[in-house]
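The values are calculated or read from the model by the stated rules, or taken from the named source; none is laboratory data. It should be emphasised that the depicted structure is a prediction, and the values quoted were computed from it without experimental measurement. Every residue, glycine as well, gets a Cβ built from its backbone with ideal geometry; the counts of neighbours run over all protein chains shown.
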């Protein structure tokens, strides 16, 4: 059986996401949302897009895997109590830790005028890099910004 994907390893000193022609990538993927002509994503940008894609799926929507996805879309119109915040934070941790390429360090949940704001500090494990990511779940447009 032929392999669809070619496995590439990341060489020392080539951990940047910059020049796609000269670098060996650990992760290579595709996104139809990119504004560039190539639609290709590599390494950290691919991981970010995978996280975002996971947050766009409501829990129970994925066929053959009803436990996949987030509960946040269903919580947008709930009273914003401490229990709701804790439940959302736990769900965010589960989603981020679902991907073996990253781990969550901290999660903060807050309400906004139009929805819910999530701030998470994550670590990209293969690169040992930390980043603060912000997600605004907007109830008016059903979008994440």
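Is it the case that some residue within the stretch 78-101 is farther than 22 Å from residue 46 by Cβ, in contact (Cβ under 8 Å) with a residue 12 or more places away in the chain and in a strand (DSSP E or B)?
Looking for residues that are farther than 22 Å from residue 46 by Cβ, in contact (Cβ under 8 Å) with a residue 12 or more places away in the chain and in a strand (DSSP E or B), one finds none in the stretch 78-101, hence no.
Just one of 104, 84, 109 is under 13 Å from the mean Cα position of the chain (by Cα) and either surrounded by 13 or more Cβ atoms within 10 Å (Cβ to Cβ) or modelled with pLDDT under 90 (or both); which is it?
Numbers: 84 fails: under 13 Å from the mean Cα position of the chain (by Cα); 109 fails: under 13 Å from the mean Cα position of the chain (by Cα).
Only one candidate qualifies: 104.
Quick check on my filter: what residues within the stretch 130-142 are farther than 15 Å from residue 50 by Cβ and surrounded by 12 or more Cβ atoms within 10 Å (Cβ to Cβ)?
136, 137, 138, 139 - these are the residues of the stretch 130-142 that are farther than 15 Å from residue 50 by Cβ and surrounded by 12 or more Cβ atoms within 10 Å (Cβ to Cβ).
What's the number of the only condition in (1) surrounded by 13 or more Cβ atoms within 10 Å (Cβ to Cβ); (2) over 20 Å from residue 139 (Cα atoms); (3) at pLDDT below 95 that residue 37 fails to meet?
(1)
Within the stretch 123-135, can one find any residue that is assigned to a helix (DSSP H, G or I) and either at pLDDT below 95 or within 19 Å of residue 46 (Cα to Cα) (or both)?
Among the residues of the stretch 123-135, not one is assigned to a helix (DSSP H, G or I) and either at pLDDT below 95 or within 19 Å of residue 46 (Cα to Cα) (or both), which makes the answer no.
Could you tell me which numbered condition residue 118 fails, if it satisfies all but one of (1) in a loop (DSSP other than H, G, I, E, B); (2) in contact (Cβ under 8 Å) with a residue 40 or more places away in the chain?
It fails just one condition, (1).
Across the stretch 61-77, which residue is surrounded by the most Cβ atoms within 10 Å (Cβ to Cβ) among those that are free of Cβ contacts under 8 Å to residues at least 40 places away in the same chain and under 17 Å from residue 142 (Cα atoms)?
Top of the filtered list is 70.
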